[in-house]
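What follows is a set of notes on a single structure, which appears directly below.
The values are calculated or read from the model by the stated rules, or taken from the named source; none is laboratory data. Everything numeric in this text was worked out from a predicted model, so none of it was measured. Positions of Cβ are backbone-derived with ideal geometry, glycine not excepted, and every protein chain shown enters the neighbour counts.
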Amino acid sequence: MKILCWNCRGIGNPATVRDLKQLLVANDPDIIFLCETKISANRFSSVRKKCNMEGCLAVNAEGKSGGLVLMWKDSSMVEIQSYSSNHIYAMVHNEDDEPVRYTGFYGNADPNKRQCSWNMLRRVGRSVKEKWIIGGDFNAILDNAKKEGGRRKPIALVEDFREIVHELSMVDLKTDNGWFTWVNKREGLAMVKERLDHFLISAQDVNSFPFMETKVLRQSSSDHDAILLDTEGRKLRDKFRDPRLCFKYDVCWAKNEEAKNIIKEAWQSGT
């Protein structure tokens, strides 16, 4: 199972949709969680179709901020349990394993309202009996070592995040290719980097996913990078050969008008 999370900073931007489609082609996730979509829920049907996803639940933006969406590849894979402006909570059915609870999470950007986000996670946690994964933009760091540049975060905010992770018996999963997932896109000494996007998993279930892999996927259209969790990422693939390595190209194709049209149509349809 692959879960992709991204604070896209507005899905209405064509460049953002293009980046999202590239993410899907490169990583083939089963579930996608987007936050800060900044559009109304009824505009997501076209995005879902472009992404070739069968299932979708979108939460309206509030004015020009907020907005969440959860999309999934197989229509029978996900059952939505609850949602709000800060979360989408679902039961995920795997083919060969027991169900997993997944919560796509967006922590309130206003530190004075962040406690409401933590309380929402507490309410969800009371109903969880299965394996539980939380992923998204928490707008918080677990310690100041996960921050580079700028002022240190107030210790009270850091402790609040640590407390909720401890209280829910979750483990913060380190990404395999670096810490930082957000950058303010300034130069030199003004640049600030932080690890705001996380995957958490229930501590008792870590050993249930021995091949689990998490990584940061660099993006250009948002100040947040995407993060990916693959429960089978480190599993050895016997006699596996990437089909892309079998591709053959003959220069004569470039001179054939019919071949040009076939490639152009396939490219524009997102196939």
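Things worth noting here:
- Of the residues making up region 12-51, those that are within 14 Å of the chain's Cα centre (by Cα) and among the charged types (D, E, K, R) number 5.
- Check on residue 153, outside any helix (DSSP H, G or I) and under 23 Å from residue 185 (Cβ atoms): yes
- Residue within region 190-205 that is modelled with pLDDT of 90 or more, polar (S, T, N, Q) and on the phi < 0 side of the Ramachandran plot present: yes
- Restricting attention to region 182-216, the residues being under 25 Å from residue 162 (Cα atoms), in contact (Cβ under 8 Å) with a residue 40 or more places away in the chain and not basic (Lys, Arg) number 15.
- Scope region 218-232; condition of a type outside the set (Asp, Glu) and in contact (Cβ under 8 Å) with a residue 60 or more places away in the chain; matching residues: 219, 220, 221, 222, 224, 226, 227, 228, 229, 231
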